[in-house]
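The values are calculated or read from the model by the stated rules, or taken from the named source; none is laboratory data. Everything quoted here is computed from the prediction, not taken from an experiment. Positions of Cβ are backbone-derived with ideal geometry, glycine not excepted, and every protein chain shown enters the neighbour counts. Note: areas computed on protein heavy atoms with side chains; ligands, DNA, RNA excluded. Shrake-Rupley method; radii C 1.70, N 1.55, O 1.52, S 1.80 Å.
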2 protein chains.
Amino acid sequence: MKSLPLSEAYQLLEPGPVVLLTTAHKGRANVMTMSWHMMVEFEPPLVACIVSNANHSFAALRATGEAVIAVPARKLAAKVVKVGNSSGRDLDKFAAFGLTPLPAESVAPPLVKECFANLECKVVDRRMINRYNMFILEVRKAWIDPAQKNRKTIHHHGYGRFVVDGATIKLKSRMR
Amino acid sequence: MKSLPLSEAYQLLEPGPVVLLTTAHKGRANVMTMSWHMMVEFEPPLVACIVSNANHSFAALRATGEAVIAVPARKLAAKVVKVGNSSGRDLDKFAAFGLTPLPAESVAPPLVKECFANLECKVVDRRMINRYNMFILEVRKAWIDPAQKNRKTIHHHGYGRFVVDGATIKLKSRMR
């Protein structure tokens, strides 16, 4: 993994890919699938996300205030769905689905080796947790895997239907 | 436009497409381009979005509490970028870019005829506006255009680079 400038982190999440979210609590790491996230600020990068309190990860994220957002490419789609279909309550999902936890630099939750990007995050605002299960995360460190050339991501359309990134088009834009 | 069940509205926004946001203020409609949005709740559908206070639409959205989120397909990409590159301060963007405003049912801002889906929204939580320019919208009415068969959307990767929806894959998922 190679360090990515924090100012470029938004380019990974703004397009709306399905991501993995790792947490670590009481000596145990866990991973969930997440699609409800958005950028809030460019730099330092702030990300809002919804983690349902029905998810096992909710308690870990609230208690520790730390997470890693890992971005999987299309080749991981089957594993991503298995992660979403199971709970860390009764399963070590890393071992069960062949995902490799790697130590992060600034947080306890692990990076996911198989993902082409990993964002180390800290919870910086807890005011929307009770009402919306919404966490505001600040990205403290961003990693990109230069060895993964195919970075097509997947987008969830409901009930197991995913759209894979297609062609890239370039248009003259003043938008960042 | 045909009415879409509110319980299916999330399937339009969860995949992270670039959308248009219309507002109406002091007798004048406006439209902007938006990529920072996420689902917050399935039903009634709640959507969080960031509208920068540097945008002309910010004041209209804050003052009126109403907006329409319109979802453009790939064929509108060039217009979407033009909308993003200009400001309603000095331009009627509907007329300038050949977008057709249609009356909405429950809000003053118009639907966009050329978009394959339109979501009529009301602001239901203003507490994050000052800190994050974040609005929580409730979708009150959803429309889909059955005549538009090609609903491939575009996803912004920064600086005018967009990825178009590619192939759809189906995986056995318990996720809604």
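Observations
- For region B:109-160, the convex hull spanned by the alpha carbon atoms encloses 124 Å³ per residue.
- When chain B is treated as a GNM with alpha-carbon contacts under 10 Å, the residue of B:30, B:53, B:150 showing the greatest mean-square fluctuation is B:150.
- Annotation for residue A:28, label-to-label distances across the other copies: 5.9 nm (shortest first, one decimal, point 7 Å from Cα along Cα→Cβ).
- Distances in nm from residue B:7 to the matching label points in the other copies, shortest first (labels 7 Å along Cα to Cβ): 4.8
- Cβ neighbours within 10 Å from other chains - mean over B:63-76: 0
- Computed over chain B, relative contact order equals 26 percent, with contacts defined as Cα pairs under 8 Å that lie 6+ residues apart.
- Efficiency of FRET between residue A:113 and residue B:131 - r from beta-carbon atoms, R0 41 angstrom, step 0.05: 0.70
- Residues of region B:14-39 whose accessible area (probe 1.4 Å, heavy atoms of protein chains only) drops by at least 30 Å² once all protein chains are present, relative to their chain alone: B:14, B:15, B:36, B:38, B:39.
- Among the trypsin sites (Lys or Arg not before Pro) in region A:67-115, those placed in a DSSP loop whose Cβ has at most 15 other Cβ atoms within 10 Å are A:89, A:113.
- Region B:48-176, Rg to Rh (Cα coordinates; Rh as Kirkwood inverse mean 1/r): 0.97
- What region A:60-147 shows is 39 Å² of accessible area per residue, with the surface traced by a 1.4 Å probe over protein heavy atoms.
- Region A:21-127, accessible surface, carbon-and-sulfur percent (1.4 angstrom probe): 52 percent
- Over the protein assembly as shown, equivalent-ellipsoid semi-axes from the Cα gyration tensor in Å: 33, 21, 19
- For the rotation carrying A onto B, the chain A residue whose Cβ lies nearest the axis, with the distance in whole Å, reads A:16, 1.
- Interface burial in region A:81-101 reaches 30 Å² or more for A:81, A:85, comparing the full protein assembly with the chain by itself; accessible area from heavy atoms with a 1.4 Å probe.
- Binning the C-alpha pair distances of region A:7-112 at 10 Å intervals from 0 yields a P(r) profile of 15, 50, 32, 3 %, listed from the shortest bin outward.
- Among the listed pairs B:93/B:122; A:113/A:141; A:113/A:149; B:82/B:113; A:152/B:113, those with a Cα-Cα distance over 25 Å are A:152/B:113.
- Accessible area buried between chains B and A, both sides summed, probe 1.4 Å, in Å² to nearest 100: 5200 Å²
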